[in-house]
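**Q** Below you will find the structure I want to go over with you.
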Amino acid sequence: MNDFRLPLGDWADAFIHFITDVFGGFFTVVRNIFAGFYDLVDFALQTPPFWIVVLALAAVAWLAKGWKLAVGTAVGLLVIVGVDQWDNAMSTLALVLVASLIAVVISVPLGVLAARSDVASKVIRPILDFMQTMPAMVYLIPALILFRVGVVPGIVATIIFAMAPGVRLTELGIRGVDKEVVEAGQAFGASPWRILRQIQLPLAMPSIMAGVNQVIMLSLSMVVIAGMVGAGGLGGEVVQSLTRIDVGLGFEAGLSVVILAIILDRVTGALGTPRKPGAPRKQAPATDAAEPLGPEAERLPAASATA
Amino acid sequence: MSETPVPEAGTPALSVRRLTKFFGRKPKEALDRLRAGAGRAELAPLGTAAVIDADFDVRRGEIFVVMGLSGSGKSTLIRTLNGLLEPTDGTVTVMGETITGMSPKRLREVRRRHVSMVFQHFALLPHRSVLENAGYGLEIQGVPTAERRERAEHILERVGLGGWGDKMPSELSGGMQQRVGLARALASNTDILLMDEAFSALDPLIRKEMQEQLVELQQELGKTIVFITHDLNEAMFLGDRIAVMRDGRIVQLGTAEEILTDPADDYVAQFVQDVDRSRVLTAGNVMEAPRAVVTASAGPRAALRAMRDLQTSMVFVVGSGRRLLGVVHDRDVLRLVQRGERSLEPAISDDHPVVSADEHLSELFESAVESQLPLAVVDEQGRLLGAVPRVTLLAALGNVSSNTGEHAVIETPATIPVDVITATLHRTARPDTAIADAADANAVAAAAAEAADIRAEATRADAAGERSPA
């Protein structure tokens, strides 16, 4: 028995080598696209003076939720400026935004697919389990080989790690849409695409937005790991403080991550349940029919589904 | 949309032939066993036979009710009618087009043009305004925005929701939400309306109101409506014809009256036991042939003789064209005869109750209580169709057969002894009136015969089910 060993590791190694040899060109292209995208967002955040960015982010918070969140955002960002982590924080923010955006772009359609087909759902589910539970650092190894040191392997590892809740919550949201409402669309002769666009997506929006929120939070939790492969930013600072046993630097960089996390969470969380402008949120008049979608349904943006 | 055959005027709105829907893994095997006579329970290990061998036509312009308890397959049945579910076997034909096996694209086209649907829990789009919801069917049909708005507003007005167009569905009560659901279906302007337990989620008062409004709208717009319900009273109120479903099979198909008075089996009989018969049966259903009838021109002697022969204290008096003039009582007529009057006119009183043939029994009680006399049933022109004595009214309410043939109709008993009448007739008889008497007797017989004719005619018209605008 001692001689026997499953050569899974060798296979994975051979597989990655095979991929590198055959699709090397493809990965170079992907690398350039991701890197270009990251540079663009990073440039947009780094170039203006910090107070403009602080004001802009506070304004976003105001629009998303209200003045309290705006003030909190501004204060938090100023603390980051105060501990001299502004540039690193902006690099990290750029990485999170790029990785999250790509993860959402991939995961929402996958979630739709999983919701429409039981077969797809059964195939996708174990893959998601694998992606989410595999220790995140393991992704870094092939990512390093395929994309070389820098910000791109960090982004790729982040996307893979963060995608799962986006797919899951999209599927859940669409499957949870009242069956009768979908039937109504069919009964009046709407095409499946139209039902998806006008009924399922708008009604599943709270759940999808919760998924987006989760994607962003998981992305942020990956930045430190991404810092290990040279992604820089706050993650790079934390890794550096670890190698130097620098408690002060570690605390300041870590606190900056926490502040960014809280801001991103509150803002995206608020986007999932937007208020009706001008109207105070109040209980709808009681109806004698069970409202199958819960209170979220009434808060959906009316404009999202006009033809 | 191009080569769709134009449906001929005579084709039924919906034709369902040997339709079976089986949910489960081996539909072929299940089908064979069903056809071999297996029941639902025997197939339980394979799956559920929701609908078994349904076979019926829905005529244009009628309200066709499918009635059954939950689990009887009625919701599955209605979903096969517009192709939301594909039948395991059998066919569905909508306005002359067989939709079974049709491509999804053409099926959508049929739904857009011919069949709309109203849902139990309303199924409104919660993120759209009432007006946008009402216009949803039109939007899918590709009607331009301005026209869509106009038509949706018009139909909202029609269902009593004028001015609510800008509200969101969640701001409306249940009854109002279902009005929006109804408006959405009506606005699509399809020939057929499928209503799946449409009023079951509403409270009783609102439900009653909606039922009345639906009948009104149907009479006005002449839509063909297939209505699903588990409430027999609702079925009886709405349905021109009712299909009773049990365990996936249609066990009886007929008018409310047929189901009530002639249930196909014990199950249906048990079911209709609790129905409020007084709200289903009408005066026309239970009325008797009016035997005690004389024409006004026949004169008092004929009337008196008729009363003597029929052992009753009153007769109905009809004028030309069988128009009901009133009743005469034996005492009054006796007085006229004794005075030698030639005309019946002075004795005619019109204080007797008159009802129309389509009034429900529940509406007859008050009149029946107020008067000793049988209720006179007349048509729109005031012609006498029949009479409803109290005993008939009571017999119809109990589970006794409403056909009162075996228990003799007891008219108000004669108040004057027969021999007194005979004596009076003899005493007042004059040679010149003897011939007139004979003529009078003929007049009475003719009046009774004519009554039978009109009644038969009315029954035929009824049976033809002329609910829709001619």
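Taken together, the values in this text are just the output of simple stated rules run on the coordinates, not laboratory data. Quick caveat, the model's predicted, so the values are computed rather than measured. Cβ sites come from the backbone with ideal geometry, for glycine too, and all protein chains shown count toward neighbours.
**Q** What ³J(HN,Hα) values, in whole Hz, does the Karplus curve 6.51 cos²θ - 1.76 cosθ + 1.60 give for the stretch B:28-34 when θ = phi - 60°, with x put for Gly and Pro?
**A** Each residue of the stretch B:28-34 in turn: 4, 4, 4, 4, 4, 5, 5 Hz.
**Q** Take the Cα radius of gyration of the stretch A:68-149 and divide it by 2.2 N^0.38 Å, with N its residue count; two decimals is plenty. The partial results should precede the final answer.
**A** Values: Rg = 18.4 Å, N = 82, 2.2 N^0.38 = 11.7 Å.
In units of the 2.2 N^0.38 Å rule of thumb, it is 1.56.
**Q** Considering only DSSP beta bridges whose two residues both sit in chain B, what percent are antiparallel, to the nearest 5?
**A** Among the beta bridges of chain B, antiparallel pairing accounts for roughly 60 percent.
**Q** Answer rounded, prolate or oblate for the protein assembly as shown, using the Cα gyration tensor with square roots of eigenvalues a ≥ b ≥ c: rounded when a/c is under 1.5, else prolate when a/b is larger than b/c, else oblate.
**A** It comes out prolate by the Cα gyration axes.
**Q** Under 5 Å between amide hydrogens, which residues at least 5 positions from B:Leu14 or on another chain qualify, with H placed 1.01 Å from N in the peptide plane?
**A** For B:Leu14, whose amide H was placed from the backbone, the distant partners under 5 Å are B:Val58, B:Met95.
**Q** Once phi is turned into θ = phi - 60°, what whole-Hz ³J(HN,Hα) does the Karplus curve with 6.51, -1.76 and 1.60 give for every residue of the stretch A:198-208, x standing for Gly and Pro?
**A** Result, rounded to whole Hz: 9, 10, 5, 5, x, 6, 8, 3, x, 5, 4.
**Q** Let a ≥ b ≥ c be the square roots of the eigenvalues of the Cα gyration tensor of chain A; is it rounded (a/c under 1.5), or, if not, prolate (a/b larger than b/c) or oblate?
**A** In terms of gyration-tensor shape, oblate.
**Q** Projected onto the charge dipole of the protein assembly as shown (+1 at Lys/Arg Cβ, -1 at Asp/Glu Cβ, origin at the Cα centre), which of A:Leu169, B:Val328, A:Leu196 gives the Cα projection farthest towards the positive end?
**A** The one lying farthest along the dipole's positive direction is A:Leu169.
**Q** Please work out whether the stretch A:95-142 counts as rounded, prolate or oblate from its C-alpha gyration tensor, where a ≥ b ≥ c are the square roots of the eigenvalues and a/c under 1.5 means rounded, while otherwise a/b larger than b/c means prolate and anything else oblate?
**A** Oblate is the answer for the stretch A:95-142, as a/c is 1.5 or above yet b/c matches or exceeds a/b.
**Q** Please give, to one decimal in nm, the separation of the simple spin-label points placed at A:Val123 and A:Ser191, each 7 Å out from Cα toward the Cβ.
**A** Calculated label separation equals 2.4 nm.
**Q** Per residue of the protein assembly as shown, what 222 nm ellipticity follows from adding -39500 (n - 2.57) for every DSSP H run with n ≥ 4, rounded to the nearest 500? If you can, show how the numbers build up before the last one.
**A** Details: 30 runs with 420 residues, N = 777.
So the helix-based figure for the protein assembly as shown works out to -17500 deg cm²/dmol.
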